[in-house]
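See structure below.
The values are calculated or read from the model by the stated rules, or taken from the named source; none is laboratory data. If you're wondering where the values come from, they're calculated on a predicted model, not measured in any experiment. Positions of Cβ are generated from backbone atoms using ideal geometry, with glycine treated the same way; all protein chains shown enter the neighbour counts.
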Amino acid sequence: MELEFLKGSFDPASDTVEVRGGFFGWGSEAPDMVQDPVNPNLYNHTAIQKATVGDELPGYKFYYTGGNWEGGDNKTYKITQEDYDNGFAVVARPFNDASLDNVINEAATITFIVNTAGAISAVDNQPFATVNSVHITGASAPFAWPDGGWPDADITKMIAMYDNGTNGDAVSGDGIFTTEVTFPKYSPLSIEYKYGINYGDAATNGGGNDNENGVGTNHFITLSAFLESATVENTFGSMGTHTLTNVVISNNVPDSIDISVTYQVDMELEFLKGSFDPAADTVEVRGGFFGWGNEAPDMTQDPVNPNLYSHTAVQKATIGDALPGYKFYYTGGNWEGGDNKTYVIKKSDYDNGYAVVNRPFNDASIDAVINQDVTVTFVVNTAGAVSAVDNQPFSVVNTVHLTGATAPLQWPSGGWPSSEIDRMIPMFDDGTHGDATAGDGIFATQVTFPKYTGFAIEYKYGINYGDDATNGGGNDNENGVGANHNITLAAFLVSAKVENDFGVMGQHDITGQVTGIEKIEIVPTQYELAQNYPNPFNPTTMIRFQIPESNSVTLKVYNMLGQEVATLVNESLNAGTYEYNFNAADLSSGVYIYTLSAGKHFSSHKMLLLK
């Protein structure tokens, strides 16, 4: 809590700190944390939760007296192999993830402006009959969130806005409300906030005080280290991230200097999954500073740690500057996925004259990779497909190919030259390779991602690759450059399917998930099928069973009509205790029966899926 104390928002003598969330409760029932006797800035609370490797613990946030919540999404923690082996985990973070390198260096005044013309209440979905008052609240002091439900009594936590020509308001009575808020030194760079109309007036507030948008849907702005003042203009109900205007930077910002920036990438997981050969492949750092093609510099293998590759370049910058975007790349069209990476110069970098940008390739870690090979069936419907190059419908769809950022997927070079069709994976509309019906314009292929592949998979389709007469003006014809599809795998996934429409990009759900079975090193003395945990569940639950001798084992799931809906295990297993992570994403809410059959032994339990 050090930075909250330094900026004057937190008083350890009178304030309490709590951990609130899905496990503890989101209100005052959540437990107080205990001040550490050695480090008075540190507060702790320990709780026992049931979990296995790869499980995400329920979302939580730290909170302290006066409606002071952490901003942003709920925080979570994923159980690592080390946590599981040790039987304990430590979740240590500063409040709001703040550090001296991501807070403002002096007080900054922001003018908040909101236009209420045509405003609609998010509670009753009706236009406000009148707008008598507007208030603003948020996650960083002097903002303070009201309690759950935004009770009338918490109007004292809200900051009033004005439409009377004062407090920064330009024109009186025009329905545009304004206020000026000063954030103290050490406030976080990310500011989350929200407006409310007619707070506390049940006759005119549209059914409730939290009436701008749904719970957890807020506005965001990003300050900079030496910001002195700025303005943000909003329309009531239009949430998201907004750009500051009228920005004034303090005269205290130091001049730009030459900083030696060392880029380091850990290639261990790429090597383990067999995609990267250090004897034959080269690693490069490509980007706005280095160039995005072959002109980018090769990185040098570290003589002590052969998994580490480095390159140092001198760049001119000052505190808070974001260096040009970049990505790591290695031989064969193997790019990192996702958005371009960047790095913001910290005060310590500036003071030292050097910075180290150290990341694993694709930000992968042993706790965020698949634990066995995973086969994904990609399915794309080309009905009505339009080329993103010439914006015309394809006259014919002879072929569809798949490419992407994670081996065995690999991107073609810039412009997707026809000569690089060998980097593309062909898809099929002939009833094979996962295709359901031949000749229906829906193409499919099956791709196996090797063990140690990261969870995030980025990909894209192309129609009639290499055929200039029918490819609609180019091979990269599904959508604009950088507009791709994304799916997320899971640690114990074995197989899954994703269904797409050509040209509809973004994050997609995977279906038909089969997850792996894990053996626990406990020798049992009898047959046993345990109650699933959690129960009720949505959509995953763990089923544990034990067999005292080698046997042929089946683990199946039935609905209440006695119809089999899933076969989870059907194989010979050695004596042992096993856990199966069952994903019911494709099933509807209701009661299901799961059964264990092993030799002459049979047992069953009921479980409840609540969506």
Suppose the filter is surrounded by fewer than 19 Cβ atoms within 10 Å (Cβ to Cβ), among the polar types (S, T, N, Q) and within 27 Å of the chain's Cα centre (by Cα); does THR16 pass it? no
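Being small (Gly, Ala, Ser), part of a loop (DSSP other than H, G, I, E, B) and over 15 Å from PRO360 (Cβ atoms) is the filter here; which residues of segment 275-317 pass it?
ALA279, ALA280, GLY288, GLY293, ALA296
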Any residue that is part of a strand (DSSP E or B), in contact with a Pro (Cβ under 9 Å, 6 or more places away or on another chain), more than 15 Å from SER140 (Cβ to Cβ) and not aromatic (Phe, Trp, Tyr) - is there at least one of those in segment 207-227? no
Inside segment 482-507, the number of residues satisfying the requirement of being exposed (fewer than 15 other Cβ atoms within 10 Å of the Cβ) and out of contact with any Gly (no Cβ under 9 Å at 6 or more places or on another chain) is 5
What about ALA92, is it farther than 30 Å from ASP321 by Cα and out of contact with any helix residue (DSSP H, G or I) (no Cβ under 9 Å at 6 or more places or on another chain)? no
How many residues does segment 79-123 hold that are within 30 Å of ASP351 (Cα to Cα) and assigned to a helix (DSSP H, G or I)? 3
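Go through segment 395-410 and report how many residues are closer than 19 Å to LEU489 by Cβ and crowded, with 17+ Cβ neighbours inside 10 Å.
Total satisfying the criteria: 8.
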Within the bounds of segment 270-281, is there any residue that is closer than 22 Å to VAL356 by Cβ, assigned by TED's automatic domain parsing to the domain that holds VAL344, surrounded by 12 or more Cβ atoms within 10 Å (Cβ to Cβ) and among the charged types (D, E, K, R)? yes
Answer yes or no as to whether GLY200 is part of a loop (DSSP other than H, G, I, E, B) and among the small types (Gly, Ala, Ser). yes
Identify all residues within segment 274-301 that are farther than 22 Å from TYR452 by Cα and of a type in the set (D, E, K, R); write none if there are none. ARG286, GLU295, ASP298
Among residues belonging to segment 318-353 that are charged (D, E, K, R) and outside any strand (DSSP E or B), point out the one that is surrounded by the most Cβ atoms within 10 Å (Cβ to Cβ). GLU336
Residues (over 24 Å from ASP174 (Cβ atoms) and either surrounded by 13 or more Cβ atoms within 10 Å (Cβ to Cβ) or touching a residue at least 40 places away in the same chain (Cβ under 8 Å) (or both)) located in segment 217-246: ASN218, PHE220, THR222, LEU223, SER224, ALA225, PHE226, LEU227, GLU228
